[in-house]
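Take a look at the structure set out below.
The values are calculated or read from the model by the stated rules, or taken from the named source; none is laboratory data. As the structure is a prediction and not an experimental result, all values here were calculated from the model. Neighbour counts run over all protein chains shown; Cβ positions are idealised from the backbone, glycine included. We work out accessible area using only protein heavy atoms, side chains counted, and drop any ligands, DNA or RNA first. Shrake-Rupley method; radii C 1.70, N 1.55, O 1.52, S 1.80 Å.
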Amino acid sequence: MYFDMLTNAFEALTWGTKILSKYNQAYTESYFDAIRECQKQAAEYKNFEVFDNLRCMLPSEELYEEWLKNTDTKLNDLLKSEEFSSLLSNYVESNLEFRKLLKAQGYPIQYFEDIYEFITNNWNSYYTRRKDKVVSEFRISYKKDNTRLMHFIGDDKSPVIEGKNPLLIIYAPINQFHIMYINPVRSVVKSLLSHGIDVYLLDWGYPTSKYNELSLFDYIAYVRDAVQSIQNQTSISKSVNMLGDKMNMDENQMNLEIANTKNFLTYKTSPENSSSDRIDQNSKYSKKISILGYCWGGIIALCYASLNNNSIRNLTLLAVPVDSSKDQTILSTWAKNLDTDKIIDEFGHLNGQVLDIGFIMRNPVRYTVDKYLTMIKKYNDTEFMDIFRSVEGWLYNTPNIPGKLFKDIVNECYKNNSLVKNSIGLNHEVINLHKIDVPIQTIVAENDDLVSSASTMEIENYVSSSTKKMIKFKGGHVGLCISGSAHSQLWPEVADWILAN
């Protein structure tokens, strides 16, 4: 057994070394390519001397930028190659086998992982409480398991808006929702509130190992419950506003009317009388709502819309991976080629820190060293530093993804492309995008390196909606939420469309 462990550890080290050598080769080749480009530019000057040629080999800002640009190109090709995917797969599987051998020998692997989960969970609780103080005022409208439905009130929001134009934001179960409200200056939530939209947001929380069996169907059920909660709440607000307009009604009569309204809604949503699978749209108190889905949250939104089209007023998709055959990003390639079932079967979930490492591996220098060099240059820019610190705190507070959910999305959406093939089966129902006929607004980031814009744009070919709008934004995946241009140009346009449709 110990010989097997030693052999397996050596195999893991070997695969890891080969991966590291591939990165070193890419960085080295990129550096010499940058030097040649620098020399080529210098040769265009009439007074080119040997000194200028040598200077190109010394560190400089121009050379550094050229080198970093070259590494993006080389790594993009390398990391999506079959050779690298094979190396990465062998490395992951050898580590999984080593972990199994350690457990078989009686090493308390699970014990230490439980301690680590306890520490990270407590840190997250502290982080969430701290961030909640920064976020605009909100109420918790619904809570189940780790999921909570946040109803934002906000300083910019007039009481007249409440109950009108309700919008549910379905955030991705990757990282946490705080990127939608990174700070009071760059807040998607505040932008939508300021345009008269009644904003709700599903916060998935920080799932622990006890929630490993949560599936895509469970997440759709959370959305269904949240929608019904919003409909009930907006109906009460509407009824109370109508009652308030009856100026001649005495206080006792008004209290009786409000009580009757709440009693009716309680009856409609009680377990014995509710139909959580379908909401009665003919009800006197029913109200359609708008939905906005971001990234994997958009996958959940599409599945919900397919099954509950009649409860939706309009649908906005923000950088959503729809057609995996068109998604050529590095992470998508890895998701299609790695045996993710083995990872989930061993750990029960996908660890959030593994995702962090995966994001960094796209270009370790750019996503570690470079951003801190940029920070040093802009250290005196107060607005930049506030956003930088907030994004860093959000970036490395990645929750675990429940194993069943991760399998459902990776296997069905990435490997089998079942979302556009209309072949995802959930609890005896099939997700069919053709059933979606509500107005749909699709937003893509042209420089998105997490979700290919071509993958997102394909949604227009699979829904039955007669009203469709496509917005192309010059930025990246996260820039959709935090960049100045997004808040000055993109989100006012998005909000106007939601209100008009």
Notebook entry, point to check: Looking at L499, L480, Y367, which one has the Cα that reaches farthest to the positive end of the dipole of the stretch 351-501 (charges on Cβ: Lys, Arg +1; Asp, Glu -1)?
Noted result: Y367
Next item on the list: Heavy atoms only, probe 1.4 Å: what % of the accessible area of the stretch 65-192 goes to carbon and sulfur, would you let me know?
Entry: 54 percent
Next item on the list: Might you report the magnitude of the Cβ-based charge dipole of the stretch 383-442 about its Cα centre, with Lys and Arg at +1 and Asp and Glu at -1, to the nearest 20 debye?
Entry: 340 debye
Notebook entry, point to check: Can you list the trypsin sites (Lys or Arg not before Pro) in the stretch 277-382 that are in a DSSP coil and have 14 or fewer other beta carbons within 10 angstrom?
Noted result: R278, K284, K378
Next item on the list: Enumerate the lysines that K133 could reach by cross-link, defined here as Cα to Cα under 17 Å, with residues fewer than 8 away along the same chain left out.
Entry: K190
Margin query: Straight-line reach only, C-alpha to C-alpha below 27 angstrom: list the lysines that K342 could link to, leaving out same-chain residues fewer than 8 apart.
Written below: K18, K22, K80, K100, K103, K210, K326, K404, K407, K415, K421
Checklist line | Residue-count net charge about R99 - beta-carbon cut-off 14 Å; Lys, Arg +1, Asp, Glu -1 | finding: -4
Check: Looking at the square roots a ≥ b ≥ c of the eigenvalues of the Cα gyration tensor of the stretch 290-340, which shape do they give, rounded for a/c under 1.5, prolate if a/b is larger than b/c, or oblate?
Finding: prolate
Next item on the list: Using θ = phi - 60° and the Karplus relation 6.51 cos²θ - 1.76 cosθ + 1.60, list the HN-Hα couplings for the stretch 94-104 in order, rounded to whole Hz, with x at every Gly or Pro.
Entry: 5, 5, 4, 5, 4, 5, 4, 5, 4, 5, 5
Next item on the list: Measure off, as a whole percent, the carbon and sulfur share of the 1.4 Å-probe accessible area of the stretch 290-363, all protein chains present.
Entry: 56 percent
Next item on the list: Arrange the peptides 294-301, 124-131, 26-33 so that the one whose residues have, on average, the most other Cβ atoms within 10 Å appears first.
Entry: 294-301, 26-33, 124-131
Notebook entry, point to check: In percent, what relative contact order does the stretch 102-216 have, based on Cα pairs under 8 Å that are 6 or more apart in sequence?
Noted result: 28 percent
Notebook entry, point to check: Using the Cα gyration tensor of the stretch 335-491, with a ≥ b ≥ c the square roots of its eigenvalues, what is the shape: rounded (a/c below 1.5), prolate (a/b larger than b/c) or oblate (neither)?
Noted result: oblate
Item checked: FRET E, pair E346, V134, Förster distance 35 Å, beta-carbon r, rounded to 0.05 -> 0.40
Check: Going by a ≥ b ≥ c, the root eigenvalues of the Cα gyration tensor, does the stretch 78-128 fall in the rounded group (a/c under 1.5), the prolate group (a/b larger than b/c) or the oblate group?
Finding: oblate
